[in-house]
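All of the numbers you see were taken from the coordinates with simple rules; none came from a lab. Here the structure is a predicted model, which is why all the values come from computation and not from measurement.
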């Protein structure tokens, strides 16, 4: 089986999470500067078999798209043009940053480490991927 890769897309950086080859466990992989994410993904899929991208879909409380969706759509078009054989699924990402922060608190991660936005993005991507795995 191939891996599933999740992306928590942001204006500055993207959190990345990935499943194991059996698609059972979601793990945080890294955080990549947004300007480099497409080249990073291209390199990653040249070394690992990926069958699906799961990308967070930011929404407001009442379900309408948030402002950051305007940044994500051009990224998705470029991703589809670059890697057209790998489909993309969107997953509602409301509250993932809050859940990620609460997870860091529960894990007793130091205050200094909790301020690391890259770690929050990586944990958020893991939560998005876990949601996908749980609901598929």
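Here are a few things to note about the model shown:
- Here the gap between residue 20 and residue 118, fully extended at 0.36 nm per residue and compared with their Cα-Cα distance, gives a gain of 33.1 nm.
- Length released on extending from residue 36 to residue 68, taking residue separation times 0.36 nm less the Cα-Cα span: 9.7 nm
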